[in-house]
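Okay, so here's the structure we're looking at.
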Amino acid sequence: MTATVATLWRYPVKSMLGEPCDEVELNTRGVRGDRQFAVRSADGKFGSGKNSRRFRHIEGLFSFRAQVAGDCPEITFPDGRRLRADDPAIDSTLSAVLGMPVTLARERDISHFDASPIHLVSTASLQWLQSRLPQSRVDERRFRPNITVSSDERELSWLGKTLCIGGVELRITAPTGRCVMTTSAQTDLPFDPKILRCIAQEAGEEFGVYAEVLQAGRISRGDPVTLR
């Protein structure tokens, strides 16, 4: 396999827009600073694009962007205001904009991850989906990966194998089941229900893969990726 790291992403607050990175540090929890915080509703569930035992769908989170600023995230609001996660006004300001009482919570005993610490997609899969939806804007941002791998192989073929990126080792553990978040509008990407419909019909709702970190370290854009 000939492959390289195409892009790297970190999402400091779960279900808010994230930030592209030139390099990231990985530990056993995942990308350092990734989903370290989440918006928590009054019933104790974390804001997400879906409803489950741990998560609650909160409309509007995609209109916020979070980026790491020192030791905590800085959140950009829809109107352009910026507040750090440790600002005393963060909870009341988020609650006012979202129209419901919420707090910004640091991860404690309950994980903020859906199913796994690392999520990957390949450019081959993005190209496959674009070929089936020529009128849609198929963009990696819809799938919120930590790592996009430039490869002529689709990532589902890597299940059970180990990706080596420099000294970092990632074991591919499971396919990623997609949800309605893939269809949502964000910045310049329009709402597009055809994205999820096509994945459901042609790939059983699986697009991308989850991974666990076997060997921690730093990786950068452009790093070669090998498979074993």
Projected onto the charge dipole of the chain (unit charges on the beta-carbon of Lys, Arg, Asp and Glu, signs +1, +1, -1, -1), the Cα from Val102, Ser131, Met16 with the largest positive-side position is that of Val102
Cross-link candidates for Lys14: which lysines have Cα within less than 18 Å, leaving aside residues fewer than 8 places away along the same chain?
Lys45, Lys50
For the range 20-73, what value does the Rg/Rh ratio take when both radii are computed over Cα atoms and Rh is the Kirkwood radius, given to two decimals?
1.01
What is the Rg over Rh value, at two decimals, for the range 170-228, using alpha-carbon atoms and the Kirkwood definition of Rh?
1.09
Full-extension gain in nm, Glu205 to Arg132, via 0.36 nm per residue minus C-alpha separation:
24.8 nm
Along principal axes, largest first, the alpha-carbon spread of the chain in whole Å comes out as 50, 39, 32
So if I place +1 on the C-beta of Lys and Arg and -1 on the C-beta of Asp and Glu, and nothing else carries charge, what would the dipole magnitude of the chain be about its Cα centre? I want it in debye, nearest 20.
440
Counting only DSSP loop positions in the range 124-157, the trypsin sites (Lys or Arg not before Pro) whose Cβ has at most 13 other Cβ atoms within 10 Å are Arg137
P(r) for the range 36-106, please, calculated from all Cα pair distances in 10 Å bins and given in %.
21, 58, 21, 0
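We did not get these values from a lab; they are worked out from the coordinates using the rules stated. Quantities reported herein were computed from a predicted structural model and do not represent experimental measurements. Backbone-built Cβ (ideal geometry, glycine too); neighbour counts: all protein chains shown.
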